Amino acid sequence: MIDVNLKGMGVALITPFREDDSVDFDTLGRLIDFQLQNDTDYLVILGTTAETPTLTDEEKERIIQLAVTRIRGRIPIVLGVGGNCTRFVTTKLKTGNFDGIDAILSAVPYYNKPSQEGIYQHYKAISEATSLPVVLYNVPSRTGVNMTAETTLRIARECRNVIAVKEASGNFTQMDDIIKNKPASFNVISGDDGVAFPLITLGAIGVISVIGNAFPREFSRMIRLALSGDYDSARTIHHSFTELFDLLFVDGNPAGVKSMLNAMGYIENRLRLPLVPTRITTFEKIRNVLHQLSISC
């Protein structure tokens with residue numbers, strides 16, 4: 001089964017923590033409801049923005065079950081399943097319980113810096129290990145290696161259930177090359193909020209968003225306007241967020257969006273080490289921009 005619609009705005013969901021550093025499952029449930037009520041097209045759980053490397057296996061399972069039971073099939077769920085050991089990832093895909101999961105998102109292996117052939121073989125093994133749709137994730141700023149357009153297109157053509165790439169290389173020439181030469185059944189999704197609008201004008205189908213945690217209705221409206229060809233209206237919304245785009249990542253992700261959600265009264269401003277909250281100066285800048293956007297802090 002590879003039929004899943006990932007057009008529009010997906011949100012890379014954060015993991016809220018309590019003051020004692022435990023996962024705040026009650027708040028997580030409310031955040032999921034907030035997304036469901038505000039036009040989010042799908043949710044990505046246990047991705048980078050969720051601080052997944054700091055979560056225990058038990059916490060991950062509880063988060064998955066909470067999302068599945070809360071969403072009840074109303075929008076697709078994309079689950080982050082990745083790592084830098086191909087055997088570990090494929091074993092998890094073959095033996096894990098993926099009831100209620102509509103697709104998986106898997107990043108290029110990090111740290112060990114595979115060659116392009118190694119990246120291809122990694123994703124080929126993943127494709128063969130699951131019947132679920134697979135979304136590639138190219139984010140060289142985190143993984144240390146860029147998956148080239150040539151490799152992405154090779155995977156897209158040869159792996160039947162690889163349906164899209166979340167592109168966060170920041171290289172417009174590369175992303176445009178993929179869009180221009182991809183199979184019809186394969187799509188490009190922006191991995192950065194700040195370039196989602198221009199990338200859609202080139203032919204991307206949407207974004208997996210961080211800022212959507214805080215502004216799902218507004219940002220999904222921008223995405224839909226751009227997809228419908230109303231570029232002037234979409235551009236206006238895009239420009240209203242440009243300062244926040246920078247502030248979200250100046251002290252790392254998800255520190256920025258967690259500061260934003262804290263200023264808006266949704267969560268405690270807690271991250272798990274080695275991540276820490278934004279600097280006070282960044283937090284105050286975020287609060288000021290939110291006030292300018294008429295958001296109650």
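The values are calculated or read from the model by the stated rules, or taken from the named source; none is laboratory data. All figures in this text were calculated on a predicted structure; none of them were measured in a lab. Here Cβ is always computed from backbone atoms with ideal geometry, including for glycine, and neighbour counts include all displayed protein chains.
Which of the residues that make up the range 194-223 are small (Gly, Ala, Ser), under 18 Å from Asn171 (Cα atoms) and in a helix (DSSP H, G or I)?
Scanning the range 194-223 gives Gly194, Ala196.
Among all residue pairs at least 6 apart or on different chains, which show Cβ distances below 6 Å where the first residue, located in the range 45-57, is of a type in the set (Asp, Glu) and the second is surrounded by fewer than 17 Cβ atoms within 10 Å (Cβ to Cβ) and assigned to a loop (DSSP other than H, G, I, E, B)?
Glu51/Arg272
If we scan the range 232-241, do we find a residue that is surrounded by fewer than 18 Cβ atoms within 10 Å (Cβ to Cβ) and more than 30 Å from Asp177 (Cβ to Cβ)?
Yes, there is a match, as at least one residue in the range 232-241 is surrounded by fewer than 18 Cβ atoms within 10 Å (Cβ to Cβ) and more than 30 Å from Asp177 (Cβ to Cβ).
Can you tell me which residue within the range 104-134, out of those that are aromatic (Phe, Trp, Tyr) and part of a helix (DSSP H, G or I), is surrounded by the most Cβ atoms within 10 Å (Cβ to Cβ)?
Tyr123
Restrict the check to the range 80-102 and report whether at least one residue is among the acidic types (Asp, Glu) and crowded, with 16+ Cβ neighbours inside 10 Å.
Looking for residues that are among the acidic types (Asp, Glu) and crowded, with 16+ Cβ neighbours inside 10 Å, one finds at least one in the range 80-102, hence yes.
So if I check each of Ala255, Ala234, which one is at pLDDT 95 or above and under 17 Å from Phe17 (Cβ atoms)?
Unique residue meeting the criteria: Ala255.
Among Thr48, Thr40, Thr15, Thr52, which is surrounded by fewer than 20 Cβ atoms within 10 Å (Cβ to Cβ) and β-branched (Val, Ile, Thr)?
Every option except Thr52 fails the conditions.
Give Pro114, Pro76, Pro140, Pro109 a once-over and let me know the one that is closer than 30 Å to Asn38 by Cα, modelled with pLDDT of 95 or more and not β-branched (Val, Ile, Thr).
Pro76
Of the residues Ile267, Ile295, only one is modelled with pLDDT of 95 or more and either surrounded by fewer than 17 Cβ atoms within 10 Å (Cβ to Cβ) or not in a helix (DSSP H, G or I) (or both); which?
The match here is Ile267.
What pairs can you find where one residue is in the range 1-27 and closer than 25 Å to Glu218 by Cβ, the other is hydroxyl-bearing (Ser, Thr, Tyr) and in a loop (DSSP other than H, G, I, E, B), and their Cβ atoms are less than 9 Å apart, with a gap of 6+ or different chains?
Gly8/Thr40; Met9/Thr40; Gly10/Thr40; Val11/Thr40; Pro16/Tyr266; Asp24/Thr15; Thr27/Tyr266
How many of the residues in the range 165-191 are in contact (Cβ under 8 Å) with a residue 40 or more places away in the chain and in a loop (DSSP other than H, G, I, E, B)?
Counting residues in the range 165-191 that are in contact (Cβ under 8 Å) with a residue 40 or more places away in the chain and in a loop (DSSP other than H, G, I, E, B) gives 1.
Would you confirm whether or not the range 68-79 contains a residue that is within 27 Å of Asp57 (Cβ to Cβ), touching a residue at least 60 places away in the same chain (Cβ under 8 Å), surrounded by fewer than 16 Cβ atoms within 10 Å (Cβ to Cβ) and not hydroxyl-bearing (Ser, Thr, Tyr)?
Checking the range 68-79: not a single residue is within 27 Å of Asp57 (Cβ to Cβ), touching a residue at least 60 places away in the same chain (Cβ under 8 Å), surrounded by fewer than 16 Cβ atoms within 10 Å (Cβ to Cβ) and not hydroxyl-bearing (Ser, Thr, Tyr).
Taking Ser185, is it among the polar types (S, T, N, Q) and buried (at least 21 other Cβ atoms within 10 Å of the Cβ)?
No, not satisfied.
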